[in-house]
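First comes the structure, then the notes that go with it.
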Amino acid sequence: MAGDMRGAGGLAIIVIIVARGACAQDAPVADAPADVDAPPKNLWFVRAGYSPAHVLTASPLASGENGARTLTFELGRQTDGTRDWHRVYNYPSYGIGFYVGRFDHDRELGHPFATYGFFSWPFPVSNRAQVIADVGLGVSWNWTAFDRKTNPTNTALGSDVAYHFDGGVSVRLLATERASVYGGLSVMHWSNGATKLPNLGLAVVGPKVGLRYNFAPQPPPARARDLPRFEPSWELVVGAAGGGKSAAASTGSKIDVVDRWRDFKAFNITTAVQRRFYRFGKVAAGADVGYDGATGARVDIVNGSQVEARAPVDERFALGLYGGYEHVMPRFSVLFQLGYTVWRGFDDEEVPRFYQRYGARFQFSDHFWGTFAVRSIRIRKADFFEFGVGYRVRLGITRAAAVSST
């Protein structure tokens, strides 16, 4: 549980930093584009949403139907065009939100809550209609965790704290300069990143409706024009990340899998060359040097006594090569990487060499970034959670490329 709380605390801190960093970017500048009208004095709004959703999980939940109801309450800020990135992203909005979930499987899953940071990216359809892509990331709590005696069927979550991911696509209709309505599709996912077993994961998907109210009149923004010039660029990144993980130790004895769950540490050092090939995307090729404390873990019964063992320290290291894609938003990006372990000190045939990384980065400055990601195997099986920091050097940077990346 200590590992879960540390992971949750890290996510909560990142959510706060994202919100504060985004606000910092919104400070007005003297040289606003001439085509931008004077912005409203109050750019804040509130938004509420409801989704009747369907539960998706491999966990054998048995206390009810696979139905769920989710409520979200959000406080956001509308961008006003006074910074280049406002126009590049068609005047997006961002903020913080609070989630309340209720499940038909309430006895097994509990009554969870979550807090998260969100980013809304609009794509204008007409003067009063937009298609909106939403992404949110944060931390959830108050789950009823797995317990072999009191809650054995909830193998979705082995902890009462988990990360919270929210994504969706909707159509926004502007009824007035203060009010608008939404309708679309929402997907939410929860997992503890294998910091505590079991961890089969949990998701819901369903239609979503919502309302938004602006604290002051906000005329519909015109489609962005006169965008800053974009030039492709190269980057070199280096970083380090670590976290805790739970794993089931191997055995040759008759020991139940629950009794073989153990907690370990893991970390990696990474470096990559990245190519920003268009405004919103980068591709990368790099290498990972990783340490996995669970390497070769065993629990056996010898002469009536339980004996535990692991691979020697020098055999817990591995080298992997990877490639991936990073989708860029202001200061924040989401990434997906595919890797292959080309060398490891302990060759366990039960552990796949092919691995994946799903995660996000936040740019604290032009050079320093933070990351949180899940490293997984077999596509969907979380291996461990990574929290880390890194440094970026731009290669052959031009002023136009620097402007377009802010």
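Of note:
- Ala266 vs. criteria in contact with a Gly (Cβ under 8 Å, 6 or more places away or on another chain), modelled with pLDDT of 95 or more, surrounded by 15 or more Cβ atoms within 10 Å (Cβ to Cβ) and among the hydrophobic types (A, V, I, L, M, F, W, C): yes
Residues are listed down the side, and each one gets a yes or a no for (1) over 14 Å from Ser170 (Cα atoms); (2) assigned to a strand (DSSP E or B):
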{"site": "Val100", "(1), (2)": "yes, yes"}
{"site": "Arg107", "(1), (2)": "yes, no"}
{"site": "Phe113", "(1), (2)": "yes, yes"}
{"site": "Tyr116", "(1), (2)": "yes, yes"}
{"site": "Phe119", "(1), (2)": "no, yes"}
{"site": "Phe123", "(1), (2)": "no, yes"}
{"site": "Gln130", "(1), (2)": "no, yes"}
{"site": "Leu137", "(1), (2)": "yes, yes"}
{"site": "Ser140", "(1), (2)": "yes, yes"}
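This table checks each residue for (1) loosely packed, with under 15 Cβ neighbours inside 10 Å; (2) over 30 Å from Val302 (Cα atoms); (3) touching an Asp or Glu at 6+ places or on another chain (Cβ under 6 Å); (4) not assigned by TED's automatic domain parsing to the domain that holds Arg276.
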residue	(1), (2), (3), (4)
Ser191	no, yes, no, yes
Leu202	no, yes, no, yes
Lys208	no, yes, no, yes
Arg225	yes, yes, no, yes
Val237	no, yes, no, no
Gly242	no, yes, no, no
Ser246	no, no, yes, no
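- In the stretch 139-151, the residues that are in the same structural domain as Pro198 (by TED's automatic domain parsing) form Cβ pairs under 8 Å with partners that are among the basic types (Lys, Arg) and crowded, with 17+ Cβ neighbours inside 10 Å, at six or more places apart or across chains, as follows: Ala145/Lys196.
- Being closer than 12 Å to Trp190 by Cα, in contact with a helix residue (DSSP H, G or I) (Cβ under 9 Å, 6 or more places away or on another chain) and of a type in the set (Phe, Trp, Tyr) is a description that applies to Tyr163.
- Flag for Phe336 being in a strand (DSSP E or B) and surrounded by fewer than 20 Cβ atoms within 10 Å (Cβ to Cβ): yes
- Among the residues making up the stretch 97-111, a single one is surrounded by fewer than 21 Cβ atoms within 10 Å (Cβ to Cβ), within 21 Å of the chain's Cα centre (by Cα) and not aromatic (Phe, Trp, Tyr): Val100.
- Among the residues of the stretch 232-278, those that are part of a loop (DSSP other than H, G, I, E, B) and among the aliphatic types (A, V, I, L, M) comprise Ala249, Ile255.
- In the stretch 60-80, the qualifying residues are those that are within 23 Å of the chain's Cα centre (by Cα) and either among the aromatic types (Phe, Trp, Tyr) or not in a strand (DSSP E or B) (or both), and the one that is nearest to Arg178 (Cα to Cα) is Thr79.
The values are calculated or read from the model by the stated rules, or taken from the named source; none is laboratory data. All values derive from a computational prediction rather than experimental measurement. All Cβ positions, glycine included, derive from the backbone under ideal geometry; neighbour counts span all protein chains shown.
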